[in-house]
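Undergrad: The structure's right below; bear with me while I get my questions together.
The values are calculated or read from the model by the stated rules, or taken from the named source; none is laboratory data. Quantities reported herein were computed from a predicted structural model and do not represent experimental measurements. For neighbour counting, all protein chains shown are included, and Cβ atoms are generated from backbone atoms with ideal geometry for every residue, glycine included. The accessibility values were calculated without ligands, DNA or RNA, using every heavy atom of the protein model including side chains. Shrake-Rupley method; radii C 1.70, N 1.55, O 1.52, S 1.80 Å.
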Amino acid sequence: METPTWLGNHKLLKRKEVIGFFASRHTVPGSVLPTLDWAHAMERRDDATVMSGFQSPMEREVLDILLQGQCGIAMVLNRKIYSQIPPRFRQAYDAQRLLFLSLENSSMRPSTIQAAHRNEYIASCATTLVFSSVTPTSSLYPLTQSHPTPPILLL
């Protein structure tokens, strides 16, 4: 497995529970409320870390909720690591609740291949996988089949 570059609290990946969160780019309407309910439950947990790329619209919604809470957040970027912490992440970063990881040391533009590689990395690090809006035609669907423990599906 590749060693990513990181910025932030790398101890967040040592927590008892590291949850890989994935949401399709195309939101299934019936998954919105269960996903937001799950995010609100997660934001209150200080013993878990949610790990994701936070790129799809639903993933960004969940990130906004998590940033207001107590849980750890591991954001796996589909580009090289930030040179400066964006202002919207500063409070969580200063509170040691945020970790940025990147498997890409040179690319500034994300690609589909890099996204697939990133998603495999997240799945390999996570103790649990949570999926939202993933259908059999989604590019994320194979991940629902390949993890050793059954994933949580929020459909």
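Undergrad: Tell me which of these residue 96 doesn't satisfy, since it passes every other one: (1) on the phi < 0 side of the Ramachandran plot; (2) modelled with pLDDT of 90 or more; (3) of a type outside the set (Asp, Glu).
TA: (1)
Undergrad: Also, I was wondering about something else. Determine which member of the set 65, 113 is β-branched (Val, Ile, Thr), out of contact with any strand residue (DSSP E or B) (no Cβ under 8 Å at 6 or more places or on another chain) and open to solvent by less than 60 Å² (accessible area, probe 1.4 Å).
TA: Working: 113 fails: open to solvent by less than 60 Å² (accessible area, probe 1.4 Å).
None of the other options fit; the residue is 65.
Undergrad: Would you check which residues across region 82-103 are in a loop (DSSP other than H, G, I, E, B) and buried (at least 18 other Cβ atoms within 10 Å of the Cβ) and list them?
TA: At the first step, the residues of region 82-103 found to be in a loop (DSSP other than H, G, I, E, B) are 82-86, 95-97, 103.
Listed by number, the residues that qualify are 97, 103.
Undergrad: Still on this structure: Please go through region 12-23 and pick out each residue that is assigned to a strand (DSSP E or B) and open to solvent by less than 10 Å² (accessible area, probe 1.4 Å). Spell out how you get there, then give the answer.
TA: Just the residues of region 12-23 that are assigned to a strand (DSSP E or B), to begin with: 17-23.
18, 19, 20, 21, 22, 23 - these are the residues of region 12-23 that are assigned to a strand (DSSP E or B) and open to solvent by less than 10 Å² (accessible area, probe 1.4 Å).
Undergrad: Looking at 56, 52 in this structure, which one is open to solvent by less than 20 Å² (accessible area, probe 1.4 Å), out of contact with any Leu (no Cβ under 7 Å at 6 or more places or on another chain), among the hydroxyl-bearing types (Ser, Thr, Tyr) and at pLDDT 95 or above? Show your work before the answer.
TA: Working: 56 fails: at pLDDT 95 or above.
After ruling out the rest, the residue left standing is 52.
Undergrad: Residue 79 versus (1) at pLDDT 90 or above; (2) part of a loop (DSSP other than H, G, I, E, B); (3) under 16 Å from the mean Cα position of the chain (by Cα): which is the lone unmet condition?
TA: Against the list (1) at pLDDT 90 or above; (2) part of a loop (DSSP other than H, G, I, E, B); (3) under 16 Å from the mean Cα position of the chain (by Cα), residue 79 comes up short only on (1).
Undergrad: Oh, and also: Any residue in region 21-43 that is without any contact (Cβ under 8 Å) to a residue 40 or more places away in the chain and farther than 18 Å from residue 137 by Cα sitting within a Cβ distance under 9 Å of a residue that is among the aromatic types (Phe, Trp, Tyr) and surrounded by 19 or more Cβ atoms within 10 Å (Cβ to Cβ)? List the pairs, counting only those 6 or more apart or interchain.
TA: As it stands, the answer is 39/21; 42/21, since those pairs meet every condition given.
Undergrad: Right, next: So for region 24-34 (the condition being open to solvent by less than 10 Å² (accessible area, probe 1.4 Å), in contact with a Ser or Thr (Cβ under 8 Å, 6 or more places away or on another chain) and either among the polar types (S, T, N, Q) or at pLDDT 95 or above (or both)), does at least one residue qualify? Can you show your working first?
TA: Within region 24-34, the first condition is being open to solvent by less than 10 Å² (accessible area, probe 1.4 Å), and the residues that meet it are 31.
From what is left, the residues that are in contact with a Ser or Thr (Cβ under 8 Å, 6 or more places away or on another chain) are 31.
In the following step, the residues that additionally are either among the polar types (S, T, N, Q) or at pLDDT 95 or above (or both) were identified as 31.
Yes; the residues of region 24-34 include at least one that is open to solvent by less than 10 Å² (accessible area, probe 1.4 Å), in contact with a Ser or Thr (Cβ under 8 Å, 6 or more places away or on another chain) and either among the polar types (S, T, N, Q) or at pLDDT 95 or above (or both).
Undergrad: I need a count of the residues in region 32-57 that are in contact with a Cys (Cβ under 8 Å, 6 or more places away or on another chain), of a type in the set (A, V, I, L, M, F, W, C) and in a helix (DSSP H, G or I).
TA: Within region 32-57, residues that are in contact with a Cys (Cβ under 8 Å, 6 or more places away or on another chain), of a type in the set (A, V, I, L, M, F, W, C) and in a helix (DSSP H, G or I) number 1.
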